[in-house]
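First up is the structure itself, then whatever we jot down about it.
The values are calculated or read from the model by the stated rules, or taken from the named source; none is laboratory data. These figures come from a predicted structure and were not determined experimentally. Glycine gets a Cβ as well: all are built from the backbone with ideal geometry, and neighbour counts include every protein chain shown.
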Amino acid sequence: MKIYDRYSDKEMADFGLKGTLPQHVGIIMDGNGRWATKRLMPRPVGHRAGMEALHVIVRESHRLGIKALSVYAFSTENWKRPMQEINALFSLLTEYFEKEIDELNANKVKIIVLGDLSPMPEKVKNAMNKAMERTKDNDGLRFCIALNYGGRSEILRAVKNVSASGVDPEKIDEKLISDNLYTAGLPELDLVIRTAGEQRLSNFMLWQAAYAEFVFTNVLWPDFDPEEYRRCLIEFMKRTRRFGKVVE
């Protein structure tokens, strides 16, 4: 089983990563279908290539010392896609966790699902629940998979939970809402990366992204490698984060 050591300070400096890294990175993994189409291949081939890219980026996040990585795997809107493509994607997700769980666990990665698993096929639910149960006590990278996830439905769910608790409306604040989101307990979202040239959130982590930085890259997700990932991180580290304040 491969254990991946963190990069040394010298290696980080050689990469140009001097300064404060984001604690929590969110990635909208876009471009699998276009990657396949460019190669005259079926879309599921692009999804498989995307899973290989995901393996590499999770490992890289661990080695860089990122605290949390959240990836948009399947949105509430993705049910509108052809069922053949949906089934192929679910099969790949199940395969990924069945194959990768030993390595993830050995590297102390904690797996968290963001979203509602209830409509998922039993095989997907079982694979995800087993992965979460096995890694629940790990204290390394928190690897969050947004699955059957939508930012609006997440906020609606949080509001319903708060309402059902019977709390006095005057006592409802941002922290209470945040504590009822799927991301409760995670570091604040610092950076959102979207691949494949699109420049929108597509219902991804709407509440959490309020003060996040955004980096858009034209690279299609299957081609998103550690070098491009580090370029996005360097772009983040160059920015001055104001959080609404005036910075002299």
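Key figures for this structure:
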| quantity | calculated |
| --- | --- |
| Boolean, Glu235 is more than 23 Å from Arg34 (Cβ to Cβ) and surrounded by 15 or more Cβ atoms within 10 Å (Cβ to Cβ) | no |
| Filter result for Leu89 (modelled with pLDDT under 95, of a type in the set (A, V, I, L, M, F, W, C), crowded, with 20+ Cβ neighbours inside 10 Å and farther than 20 Å from Asp5 by Cβ) | yes |
| Residue in region 184-193 that is at pLDDT 95 or above, surrounded by fewer than 22 Cβ atoms within 10 Å (Cβ to Cβ) and assigned to a strand (DSSP E or B) present | no |
| Evaluation of Ile111 against (1) touching a Leu at 6+ places or on another chain (Cβ under 9 Å); (2) in contact (Cβ under 8 Å) with a residue 60 or more places away in the chain (one fails), failing number | (2) |
| Selection within region 194-211 - part of a loop (DSSP other than H, G, I, E, B) and either of a type in the set (Ser, Thr, Tyr) or under 14 Å from the mean Cα position of the chain (by Cα) (or both) | Thr195, Leu201, Ser202, Asn203, Phe204, Met205, Leu206 |
| Odd one out for Leu147 among (1) aliphatic (A, V, I, L, M); (2) buried (at least 17 other Cβ atoms within 10 Å of the Cβ); (3) over 15 Å from the mean Cα position of the chain (by Cα); (4) not in a loop (DSSP other than H, G, I, E, B) | (3) |
| Close pairs (6 angstrom Cβ cut-off, 6 or more residues apart or separate chains): at positive phi in region 149-177, surrounded by 11 or more Cβ atoms within 10 Å (Cβ to Cβ) anywhere | none |
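Residues are listed down the side, and each one gets a yes or a no for (1) without any contact (Cβ under 8 Å) to a residue 24 or more places away in the chain; (2) surrounded by 18 or more Cβ atoms within 10 Å (Cβ to Cβ):
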residue: Met205; (1), (2): no, yes
residue: Gln208; (1), (2): no, yes
residue: Tyr211; (1), (2): no, no
residue: Asp223; (1), (2): no, no
residue: Glu228; (1), (2): yes, no
residue: Arg231; (1), (2): yes, no
